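My structure is below; once you've seen it, I'll send some questions.
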């Protein structure tokens, strides 16, 4: 009990130290919280005149997320094959797991910045950013799913002299298919939101519109954009969760 009490004190001290380091005890910064009132007042009433522009940007966001999810999922599947312990020799497995770890280390918004510099502003850079982030995220999940396939299933396939490619085709992929599809649906939900974030650095989608509205102080249009985006995200979450519950549980 004394050890637990000491750890609680340590955590509490670290918590207050982190607050102090980030300015929560600075009276000048804390006083600025009162700006939230005028900010919220400026958002009302919502500006419905820009609905066509918002719907166009949301459409672009969903298209970016869909394309990036499928491209990233395909690349993740390929890299996962070479990263799976059951399919690849140890040196190859270590190399491809390192590649996936490197890809996964870079967040989506940093990928977006990289591709905006390379390819310029617009959804093309956004799709590439989402593709690379999705590859790193799903690649790890896929090779872990491959390595979790029942040893009894693998032994049955190996018993008839199946090669590693045949083991992948007739045992590992069929056993992992539901999990793979379920994770693709989940990452698509996430990528719709990620598409909003990458747009803030000029990679297309509704994020680019949000940035323009904030910079021009059009807070009523910002509220409308947030509400429309929220409606689309909730609809996608609902549909995706129903599909997963019906077919992948």
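Table: residues versus (1) loosely packed, with under 10 Cβ neighbours inside 10 Å; (2) modelled with pLDDT of 75 or more; (3) under 26 Å from residue 214 (Cα atoms).
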{"position": "4", "(1), (2), (3)": "yes, no, no"}
{"position": "10", "(1), (2), (3)": "no, yes, no"}
{"position": "43", "(1), (2), (3)": "no, yes, yes"}
{"position": "46", "(1), (2), (3)": "no, yes, yes"}
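Just one of (1) within 27 Å of residue 77 (Cβ to Cβ); (2) outside any helix (DSSP H, G or I); (3) at pLDDT 75 or above trips up residue 217, so point out which.
Of (1) within 27 Å of residue 77 (Cβ to Cβ); (2) outside any helix (DSSP H, G or I); (3) at pLDDT 75 or above, only one is false for residue 217: (1).
Checking residue 225 against (1) touching a residue at least 24 places away in the same chain (Cβ under 8 Å); (2) surrounded by fewer than 21 Cβ atoms within 10 Å (Cβ to Cβ); (3) farther than 27 Å from residue 73 by Cα, only one condition comes out false. Which one?
(2)
Can you report the number of residues in segment 87-129 which are buried (at least 18 other Cβ atoms within 10 Å of the Cβ) and within 30 Å of residue 171 (Cα to Cα)?
7
What pairs come up if the first residue lies in segment 77-106 and is on the phi > 0 side of the Ramachandran plot and modelled with pLDDT of 90 or more, the second is part of a helix (DSSP H, G or I) and buried (at least 20 other Cβ atoms within 10 Å of the Cβ), and their beta carbons are under 9 Å apart, counting only those six or more places apart or on different chains?
Matching pairs, first to second residue: none at all.
The values are calculated or read from the model by the stated rules, or taken from the named source; none is laboratory data. Given the structure is predicted, the values throughout are model-derived calculations rather than measurements. Positions of Cβ are generated from backbone atoms using ideal geometry, with glycine treated the same way; all protein chains shown enter the neighbour counts.
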